[in-house]
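In what follows, a structure is listed as structure tokens, so that the remarks can point back to it.
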Amino acid sequence: MSVQPKLSGYSVRQLMELDACTRCGECVAWCPTFAENRQELTHPLGKIARLRDWIVRHYGLRARLFGRRPVGEEELAEYTRGVYSCTLCARCREVCPVHIDTRPLWIAMREQLAELGYLPSALSALQANIARSYNIAGEDNAGRAGWSANLPDQPARPAGQPAGLVYFVGCVSAFYPQAYAIPQSLTQILQRLGIEFATLAADEWCCGFPLLIAGLGREAEALVRHNVAAVRALGAHTLVTTCPSCLHTWRHTYPAVIGEPLGFEVRHASELLAELAEAGRLPLGPYPHVVTYHDPCDLGRTSGIYEAPRQLLRAIPGLELREMRDNRQLALCCGGGGDVETGDPTLSAAVARRRLAQAAETGAEAIVSACQQCRRTLSAAARREKARLRVLDLVEIVWQAMQAAS
Amino acid sequence: MGVSRLTVFWVFHLLAMAVLVAGCWLRVSIWLEGQIDGRAPAGARRALVASWRFVRRVGWRRVLRAFIVHGLLHPRLRAGDRRRWQAHACMLGGFAALAGLSTLTGFAQEILIGLFRVDHPLVRALANKDTPLVALLNEVLGLIMVISLAMIAARRYVRRPSNLRTGRPDTVLIVLLAATLLSGYPTEVLRLLAEQVPAEVARYSFVGYLLSLPLRSVRWPWEALHYWVFLFHSLIASAFLASLPFSKLFHAAVSPLVAAANTVAREAEA
């Protein structure tokens with residue numbers, strides 16, 4: 001069987017990018033998954049070369065003169081493995097000498113493969129979970145507010161009530177107990193500051209990010225429209241997230257899907273809290289520990305937020321911030337991105353282990369991130385490695401510092 | 001030697017140029033099958049309109065700046081590996097300058113003098129390979145390219161960084177480029193000998209001149225040798241040009257556009 005590449009699945013610029021790749025290999029040196037699995041089809045150069053070869057076999061000079069050369073099932077399966085082994089961390093984009101916008105290109109490749117029926121089975125299960133339950137865990141969506149059950153003070157404003165500030169909790173924080181501390185901390189911070197807010201509770205559906213990056217963008221449209229309608233119904237002026245992937249999707253994908261501006265601001269908790277700290281409205285007590293900060297891919301590289309979390313950490317008395325070898329634009333991925341944790345947990349764990357080692361090199365007592373998925377992936381790695389390193393989210397540290405202040 | 005070497009060259013060169021244009025169109029036709037604003041195939045007209053709108057929206061100056069800085073000067077490459085950047089810049093700059101100079105010389109010789117019989121000192125100087133400035137520029141630019149090619153080859157086959165992947169297309173390209181560049185020297189040596197160019201004029205082609213010195217006293221059929229070596233050099237250079245759209249060297253034409261567009265788009269987004 002010869003499967004033909006569908007050029008209409010790529011933008012003109014992306015097809016030009018395939019020709020712009022110089023095969024210099026700069027991306028190879030920075031690819032976190034290739035560093036672990038050493039498979040040539042995993043790194044950016046390998047993926048681009050394979051797609052270009054596929055296109056040339058069908059549309060190149062030889063193909064036009066003498067007929068197409070088919071691409072075998074095995075080759076396609078191998079290419080699929082490479083494309084879905086990518087954490088979509090976008091580090092390759094930062095080092096590419098010709099500025100190829102890699103991440104959208106990897107997603108376009110996934111869309112094409114999904115359309116051709118090559119979606120990995122683990123992601124099909126994820127797709128089914130979201131379609132059935134509107135969350136990645138496949139659990140009853142009515143349990144979305146489960147994380148708040150043990151809070152000393154329940155949110156003052158009942159979930160779902162009209163509010164200017166809406167906290168979009170995200171699936172990982174809502175359904176995975178390892179990440180419960182994140183929404184719990186932010187809730188208590190906002191309560192302590194007297195800032196009124198609401199969550200969507202069971203009305204919150206998956207933001208669609210896992211589907212979008214799996215190459216199932218069309219399946220995410222209903223989720224997008226539902227979430228926008230739900231937030232608009234609350235009369236929100238601001239939506240805050242603790243999940244960088246939700247943030248990125250809300251900021252960049254949602255307006256494109258609905259074809260108009262959202263009508264409210266979308267902010268990450270680190271931005272909101274850094275602003276409050278700068279205005280002197282965040283009472284922070286001492287936190288006498290050495291920490292290192294891990295830039296989540298979707299907060300840093302794809303949303304451009306590098307300084308707000310650092311400002312916030314530096315505002316905490318007694319806290320010493322040490323940078324890891326790879327930081328900011330070149331920060332190493334935690335291994336939890338790109339749906340890789342779902343499709344290949346061993347690979348995801350290997351990447352996390354490497355990041356943890358970088359954190360340990362700094363001599364820090366804790367690695368702080370600003371992402372629920374990073375926290376989950378790195379915590380699991382720390383447990384497995386028996387690392388003497390705590391894994392925390394930024395809002396957890398802020399909440400601890402606020403408690404110390406009182 | 002019944003047929004003039006220039007006639008053979010032009011016939012082959014024009015054929016090569018036709019292949020170059022056809023190859024470029026083939027590559028562009030693949031791009032145009034892609035989508036713009038979610039609609040595919042984009043087609044040439046929509047692609048041009050979208051490009052024009054993009055440039056209008058972000059501003060010419062910004063695009064031009066990004067094209068020069070990120071498309072041609074490659075600061076990321078420079079930050080990563082200074083030596084590699086030097087080799088790349090010398091190859092790109094040398095190639096562009098040498099191609100420009102050859103085009104000017106050919107234009108002056110074949111079109112202005114040959115076709116329109118223009119008789120102007122500047123045109124004559126440009127058409128004459130032995131004009132000191134023309135000879136010196138050809139020699140220096142050629143030497144720059146040879147040195148940068150040696151650096152590139154050394155990186156690929158001697159230093160071999162672990163992230164670098166060298167395949168058959170890379171080797172073919174390097175061999176073709178080396179053959180084109182290096183065959184230029186014997187061609188020049190034989191020309192100086194065949195045309196008995198006086199030393200005070202020939203010395204500006206300093207490499208060719210130095211190589212020709214030991215042969216000056218030898219009585220060989222230099223003209224006939226020059227005929228064949230010139231054909232080899234010019235035909236291989238034309239073949240190299242014709243192969244551009246089918247080789248990885250096509251990136252030289254595309255990557256500055258992509259780098260400029262993506263840099264500006266990212267800046268605008270930020």
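For the range A:209-218, taking the residues that are outside any loop (DSSP other than H, G, I, E, B) and more than 30 Å from A:Leu276 (Cβ to Cβ), the one that is most open to solvent (accessible area, probe 1.4 Å) is identified as A:Arg218.
Given the structure, is A:Arg93 in a helix (DSSP H, G or I) and buried (at least 19 other Cβ atoms within 10 Å of the Cβ)? Judged against the criteria, A:Arg93 is a match. Taken together, the residues in the range A:30-58 that are touching a Pro at 6+ places or on another chain (Cβ under 8 Å) and free of Cβ contacts under 8 Å to residues at least 60 places away in the same chain amount to 5. All told, A:Ile182 falls short of being β-branched (Val, Ile, Thr), surrounded by fewer than 20 Cβ atoms within 10 Å (Cβ to Cβ) and modelled with pLDDT of 90 or more.
Does B:Leu176 count as over 22 Å from B:Leu77 (Cβ atoms) and more than 14 Å from every other protein chain (Cβ to nearest Cβ)? The answer is yes for B:Leu176.
The single residue among B:Leu190, B:Leu211, B:Leu149 that is under 28 Å from B:Phe246 (Cβ atoms) and touching a residue at least 12 places away in the same chain (Cβ under 8 Å) turns out to be B:Leu149. The numbered conditions (1) surrounded by 19 or more Cβ atoms within 10 Å (Cβ to Cβ); (2) away from every other protein chain (no Cβ under 14 Å) are all true for A:Ala128 except (1).
Screening the range B:252-269 for residues that are open to solvent by 20 Å² or more (accessible area, probe 1.4 Å) and not small (Gly, Ala, Ser) and picking the one that is farthest from B:Pro75 (Cα to Cα) gives B:Glu269.
Take the conditions (1) within 11 Å of chain A (Cβ to nearest Cβ); (2) open to solvent by less than 40 Å² (accessible area, probe 1.4 Å); (3) under 20 Å from A:Glu17 (Cα atoms); B:Leu249 misses just one of them, which is (2).
Residue-by-condition table, conditions (1) in contact (Cβ under 8 Å) with a residue 40 or more places away in the chain; (2) surrounded by fewer than 22 Cβ atoms within 10 Å (Cβ to Cβ):
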| site | (1), (2) |
| --- | --- |
| A:Arg355 | yes, no |
| A:Ala360 | no, yes |
| A:Gly363 | yes, yes |
| A:Gln372 | yes, no |
| A:Ala387 | no, yes |
| A:Val395 | yes, no |
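When the range A:37-78 is filtered for residues that are under 25 Å from A:Cys27 (Cα atoms), in a loop (DSSP other than H, G, I, E, B) and β-branched (Val, Ile, Thr), only A:Thr42 remains. In the range B:23-58, which residue that is loosely packed, with under 13 Cβ neighbours inside 10 Å and over 26 Å from A:Gly259 (Cβ atoms) is farthest from the chain's Cα centre (by Cα)? By that ranking, first place goes to B:Ala44. Sub-6 Å Cβ pairs linking a first residue in the range A:2-22 that is at the interface with another protein chain (Cβ under 7 Å from one of its Cβ atoms) to a second residue that is open to solvent by 30 Å² or more (accessible area, probe 1.4 Å) and not in a loop (DSSP other than H, G, I, E, B), at least 6 apart or interchain, are A:Ser8/B:Gln35; A:Ser11/B:Gln35, ordered by first then second residue. For the range A:184-208, residues that are part of a helix (DSSP H, G or I), touching a residue at least 60 places away in the same chain (Cβ under 8 Å) and under 19 Å from A:Asn141 (Cβ atoms) total 1.
Hey, can you tell me all the residues within the range B:137-162 that are more than 17 Å from the chain's Cα centre (by Cα) and surrounded by fewer than 16 Cβ atoms within 10 Å (Cβ to Cβ)? Working first, answer last.
Let us first name the residues in the range B:137-162 that are more than 17 Å from the chain's Cα centre (by Cα), namely B:151, B:153-162.
Across the range B:137-162, the qualifying residues are B:Ala154, B:Tyr157, B:Val158, B:Arg159, B:Arg160, B:Pro161, B:Ser162.
Rundown of residues vs (1) of a type in the set (A, V, I, L, M); (2) at pLDDT 95 or above, yes/no style:
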residue	(1), (2)
B:Gln109	no, no
B:Val118	yes, no
B:Leu149	yes, yes
B:Asn163	no, no
B:Gly167	no, no
B:Leu173	yes, no
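Note on the range A:308-345: residues that are in contact with a strand residue (DSSP E or B) (Cβ under 9 Å, 6 or more places away or on another chain) and not aliphatic (A, V, I, L, M) total 8.
Residues in the range A:328-337 that are part of a loop (DSSP other than H, G, I, E, B) and either at pLDDT below 95 or at negative phi (or both): 6 in all. I'd like to check something: does the range B:45-64 contain any residue that is closer than 30 Å to B:Ala150 by Cα and either more than 13 Å from chain A (Cβ to nearest Cβ) or touching a residue at least 40 places away in the same chain (Cβ under 8 Å) (or both)? No, the conditions are met nowhere in the range B:45-64. Looking only at the range B:75-113, count every residue that is open to solvent by less than 40 Å² (accessible area, probe 1.4 Å) and among the β-branched types (Val, Ile, Thr) and tell me the total. So the count comes out to 1.
The values are calculated or read from the model by the stated rules, or taken from the named source; none is laboratory data. Being a predicted model, the structure only gives us computed values, none of them experimental. Positions of Cβ are backbone-derived with ideal geometry, glycine not excepted, and every protein chain shown enters the neighbour counts. Protein only, heavy atoms only, side chains kept; ligands, DNA and RNA dropped before computing areas. Shrake-Rupley method; radii C 1.70, N 1.55, O 1.52, S 1.80 Å.
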